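S.K.: What follows is a single structure, and I will ask about it in a moment.
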Amino acid sequence: MLSSSLWELPSSSAILYRFLTLFSFLISISAACFNGNCQVMEACTAATDCGSGLYCGNCPASGHNQPVCTRGQATVPTSVINGLPFNKYTWLMTHNSFSIVDAPSLAGVQRLTFYNQEDTVTNQLRNGVRGLMLDMYDFENDIWLCHSFRGQCFNFTAFQPAINTLREVEAFLTENPTEIVTIIIEDYVLTPKGLRNLFTSAGLDKYWFPVSKMPKKGEDWPTVTDMVQQNHRLLVFTSIASKEAEEGIAYQWKYMLENEPGDPGVVVGSCPNRRESKPLKSRSSSLFLQNYFPTYPVESEACKEHSAPLFNMISTCYKASGNILPNFLAVNFYMRSEGGGVFDALDKINGQTLCGCSTLAACQAGAPPGTCKSIPAPNTGPLSSTTGSFTGSVQFTKPSASTVHSPNLMVLWLFYLLLLAFLKTTISTHIIGF
């Protein structure tokens, strides 16, 4: 005969205790933020968990495998503090903006080159990018965007005709009448008047900032308000000096300081000027472009690069330039980070420059410098813009976070009802002594 202990059911109180323990555990899992309520650095399982301007991503390169809500959008500084000279702001710039992962190649040709970005130029602009680096070449009786070498575009390094990207810029400027965009051209175009005709064909001549109005001795630029009122909302720079006189396109290093791009620009504790640029401590140019990207771009490493090393390099270049903060911060894979990344760096720079605060979110329009709002940490993400709707989405072609499944509230409540029914039956059976 079997021992009665084997048939003995646990007391109703013990069953209830176990049930409540299990239910509390499941509820604690489901109580985590979801449905667009998660903020920066909070755990997530899908992009829909995160608030506006955020996406769900991780950074295995830094050992951060748990997906968290990550910033994917910049705060446009003029939406917080407006009306200052253009050179008082810091803008996000994408290196090789056109060199996009999985961009279609020419028919029947395998592209052999490096990639630097992950979403379209239109999407970059919607996410707050305001500077584009474009490499332009003569190719197939047209001007193309190529990521090439030896000053020549090949079918395996070609992306698309440049006019396609410039039309994206034209559409953005038309849709956003208070925004200003800067284009820096690595110029290999030899066709006479080729660039100027290209911009005219793209409909961008109406936004052109004239070279004659650019400050040439390090003085301040016009205010962003004046630039918008005069519709001078497109700044274009070329790497060929002669085109300033020939085509009215500004020679970049006449107006802009620049540190060394590629690996020399990411060496810890060093910030040398680019060979073509004046020394970084020169005060004869009032714009400063800081490059921060390695020579050979690696998508999976960008999130790590855009953490402490980026902030350290900004500090290094600040000292090397005689306490000047950059007007443009150029990076690869701009959306990848451990949480705040490039966007937090921009907010800190603009906060310090525009209002003397630790971050742009603490600035108060019209208040004296140093009069700062109290901002909870960590930053909850990009501020809503009062000058337009920037609703660009993250378009990673490869998932940045592993797929994670979590219990749904409806499932939990169904589980609760079933378990409650089971509990009721078990307790009743135990009471009647079956």
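S.K.: Give me a count of the residues in segment 285-341 that are polar (S, T, N, Q), crowded, with 20+ Cβ neighbours inside 10 Å and under 19 Å from Asn65 (Cα atoms).
M.R.: 2
S.K.: Can you tell me which residue in segment 138-155 is farthest from Val189 (Cα to Cα), limited to those that are under 28 Å from the mean Cα position of the chain (by Cα) and among the aromatic types (Phe, Trp, Tyr)?
M.R.: Phe149
S.K.: Within segment 261-279, is there a residue that is under 23 Å from the mean Cα position of the chain (by Cα), in contact (Cβ under 8 Å) with a residue 12 or more places away in the chain and open to solvent by 50 Å² or more (accessible area, probe 1.4 Å)?
M.R.: Yes: one or more hits.
S.K.: Sticking with this one: Tell me, yes or no, whether segment 376-386 has at least one residue that is over 28 Å from Cys317 (Cα atoms), at pLDDT below 95 and open to solvent by less than 40 Å² (accessible area, probe 1.4 Å). Step through it out loud before you land on a result.
M.R.: Going through segment 376-386, the residues over 28 Å from Cys317 (Cα atoms) turn out to be 376, 384-386.
Narrowing further to those that are at pLDDT below 95: 376, 384-386.
From what's left, open to solvent by less than 40 Å² (accessible area, probe 1.4 Å): 385.
Yes, that holds for at least one residue.
S.K.: Residues being part of a helix (DSSP H, G or I) and open to solvent by 20 Å² or more (accessible area, probe 1.4 Å): count how many of those fall in segment 195-228.
M.R.: To start, the set of residues in segment 195-228 that are part of a helix (DSSP H, G or I) comprises 195-201, 205-207, 211-213, 224-228.
Adding the requirement that they be open to solvent by 20 Å² or more (accessible area, probe 1.4 Å) leaves 196-197, 200-201, 205-206, 211-213, 225-226, 228.
Matching residues across segment 195-228 total 12.
S.K.: Pick from segment 75-100 the residues that are within 21 Å of Phe237 (Cβ to Cβ) and in a helix (DSSP H, G or I): which of them is most open to solvent (accessible area, probe 1.4 Å)?
M.R.: Lys88
S.K.: Continuing with this model, one more query. Quick one: how many residues across segment 43-74 are part of a helix (DSSP H, G or I) and either open to solvent by less than 20 Å² (accessible area, probe 1.4 Å) or not aliphatic (A, V, I, L, M) (or both)?
M.R.: Within segment 43-74, the first condition is being part of a helix (DSSP H, G or I), and the residues that meet it are 47-49, 60-62.
Within this subset, residues satisfying the condition of being either open to solvent by less than 20 Å² (accessible area, probe 1.4 Å) or not aliphatic (A, V, I, L, M) (or both) are 48-49, 60, 62.
So the answer is 4.
The values are calculated or read from the model by the stated rules, or taken from the named source; none is laboratory data. These figures come from a predicted structure and were not determined experimentally. Here the Cβ is made from the backbone with ideal geometry for all residues, glycine too, and neighbour counts use every protein chain on show. We work out accessible area using only protein heavy atoms, side chains counted, and drop any ligands, DNA or RNA first. Shrake-Rupley method; radii C 1.70, N 1.55, O 1.52, S 1.80 Å.
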